[in-house]
Amino acid sequence: MIDLRAWQLAFLRQGRSDWETYQRIDDPAWPTCHRLHFLQMATEKLAKALLIAGDMPLDKITHTHAAFVKFMRVARKNHNLQKELGMTYSQIIAHFNRLLPIAREIEILAPTLAQVGPNPEYPWLDNTGQILVPVDYSFPRIKLLQSQPGTQLLRHIRYFFVAFEKLFL
Amino acid sequence: MSQNHQPIESVVDKLVHEYFEADEHLEKIIWIKSPKPEIRLIEVNAQTVTTNDVLSFYFPPSDEIPYAMKIAEVTPAEWQRVLQNEIPLPVGWSLENRQEFSRELVAV
């Protein structure tokens, strides 16, 4: 018998550690790729912590990487979250819709989803046949994180980790 | 502590209306009936991302919804693949005991 709660808390603990690391290295002195790598991993594990209690097989959860956007879309239906944010369902739908494109940019940083494109872990070939290395790449699309919706999304991610037990357990 | 004093059918009905009203892109909601006191929903929405999975997220009971909820969102194409058994459902879920709600059939 799998102890779902124990697995859920284990994913949450690792996600919190990824998030804390992201915050510690969220400094221009660190290469962008490393910051984004930890941000992508933190959000993936945040979503997976909720999938574990949702009847998903553990091996499937471990191997999937596209969970964060669906988490953000479904989390809007959580009444605890609506109450905490002081929003109705309609309001939170509209609010999160502005954040979802940025969430998707974070999600597709995972090498499996990035396929042959920019990712924060492995070198890739660009359209001209040049080898690009994550540590040398500026990740221009992820500059959306510095926009107002981007900072709101980061604030929500932080809140999800801080208040996970209150919202989701 | 939440109490299940509301019949599950009426809670699902309330949620279905709320979800259709708030999201114009929501095409269909499938209620997968469970022997457990929980609400399992699959929402078919063309706006969601394709993952080729039925990713079911768990929410605990709340004051407003006194049942645990497990919600998944799929694209219309993914839903067709679920119906053809090409994409598996979460563990313990079955299409045999389901109720479908279409926007056209739900007066929003």
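Of the residues that make up segment B:80-101, is at least one in a strand (DSSP E or B), under 11 Å from the mean Cα position of the chain (by Cα) and surrounded by 17 or more Cβ atoms within 10 Å (Cβ to Cβ)?
Of the residues in segment B:80-101, the ones in a strand (DSSP E or B) are B:98-101.
Imposing the further condition that a residue be under 11 Å from the mean Cα position of the chain (by Cα) reduces the set to B:98-101.
Narrowing further to those that are surrounded by 17 or more Cβ atoms within 10 Å (Cβ to Cβ): B:101.
Scanning segment B:80-101 turns up at least one residue that is in a strand (DSSP E or B), under 11 Å from the mean Cα position of the chain (by Cα) and surrounded by 17 or more Cβ atoms within 10 Å (Cβ to Cβ).
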(message) Given the condition small (G, A, S), without any contact (Cβ under 8 Å) to a residue 60 or more places away in the chain and either more than 28 Å from A:P57 (Cβ to Cβ) or surrounded by fewer than 21 Cβ atoms within 10 Å (Cβ to Cβ) (or both), answer yes or no: does some residue in segment B:40-49 qualify?
(response) yes
(request) Would you mind stating whether A:D27 is more than 9 Å from chain B (Cβ to nearest Cβ), charged (D, E, K, R) and not in a helix (DSSP H, G or I)? (result) yes
(message) I'm trying to understand the selection: among the residues of segment B:1-42, which are acidic (D, E) and in a helix (DSSP H, G or I)?
(response) B:E9, B:D13, B:E18, B:E21
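Can you list the helices (runs of 4 or more DSSP H) lying wholly within segment A:85-169 that have 3 or more residues being in contact with a Phe, Trp or Tyr (Cβ under 9 Å, 6 or more places away or on another chain)? Don't jump to the end; show me each part of the working.
On the way: elements: A:89-107, A:111-114, A:148-162, A:164-168.
In segment A:85-169, the matching helices (runs of 4 or more DSSP H) lie at A:89-107, A:148-162.
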(message) It is to be established whether one or more residues within segment A:31-53 are without any contact (Cβ under 8 Å) to a residue 12 or more places away in the chain and either surrounded by 21 or more Cβ atoms within 10 Å (Cβ to Cβ) or not in a helix (DSSP H, G or I) (or both).
(response) no
(request) Could you grab me the full set of residues in segment A:110-150 that are surrounded by 12 or more Cβ atoms within 10 Å (Cβ to Cβ), among the polar types (S, T, N, Q) and over 17 Å from A:Q40 (Cα atoms)? (result) A:S147
(message) Return the residues of segment A:61-73 that are over 14 Å from the mean Cα position of the chain (by Cα) and either hydrophobic (A, V, I, L, M, F, W, C) or facing another protein chain (nearest Cβ under 7 Å) (or both); say none if nothing qualifies.
(response) A:I61
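If you scan segment A:114-138, which residues turn out to be within 16 Å of the chain's Cα centre (by Cα) and modelled with pLDDT under 95? Spell out the reasoning first.
Pass one, segment A:114-138, residues within 16 Å of the chain's Cα centre (by Cα): A:114, A:119-121.
Hit for segment A:114-138 is A:A114, nothing else.
Taking segment B:54-79, which residues are outside any loop (DSSP other than H, G, I, E, B), acidic (D, E) and within 8 Å of chain A (Cβ to nearest Cβ)? Quick ask: steps written out before the conclusion?
Within segment B:54-79, the first condition is being outside any loop (DSSP other than H, G, I, E, B), and the residues that meet it are B:56-59, B:68-74, B:76-79.
Those left that are additionally acidic (D, E): B:73, B:78.
Hit for segment B:54-79 is B:E73, nothing else.
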(request) Could you please give the count of residues in segment A:61-84 that are assigned to a helix (DSSP H, G or I) and over 21 Å from A:R16 (Cα atoms)? (result) 3
(request) Starting from segment A:16-29, keep only residues that are within 17 Å of A:R155 (Cβ to Cβ), then list their pairs with residues that are aliphatic (A, V, I, L, M) and surrounded by fewer than 17 Cβ atoms within 10 Å (Cβ to Cβ) whose Cβ atoms are within a distance under 8 Å, requiring at least 6 positions of separation or different chains. (result) none
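Restricting attention to segment A:45-60, which residues are under 15 Å from the mean Cα position of the chain (by Cα) and within 12 Å of chain B (Cβ to nearest Cβ)? So that I can check it myself, show each step before the final result.
Here is the first cut: in segment A:45-60, the ones under 15 Å from the mean Cα position of the chain (by Cα) are A:45-51.
A:L46, A:A47, A:K48, A:A49, A:L50, A:L51 - these are the residues of segment A:45-60 that are under 15 Å from the mean Cα position of the chain (by Cα) and within 12 Å of chain B (Cβ to nearest Cβ).
Just to be sure before I move on: is A:L153 surrounded by 18 or more Cβ atoms within 10 Å (Cβ to Cβ) and at negative phi in the structure I sent?
Values: surrounded by 18 or more Cβ atoms within 10 Å (Cβ to Cβ): yes; at negative phi: yes.
Judged against the criteria, A:L153 is a match.
The values are calculated or read from the model by the stated rules, or taken from the named source; none is laboratory data. Only a predicted model underlies this, so the values are computations on that prediction, with no experimental measurement involved. Every residue, glycine among them, receives a Cβ derived from its backbone with ideal geometry; neighbour counts consider all protein chains shown.
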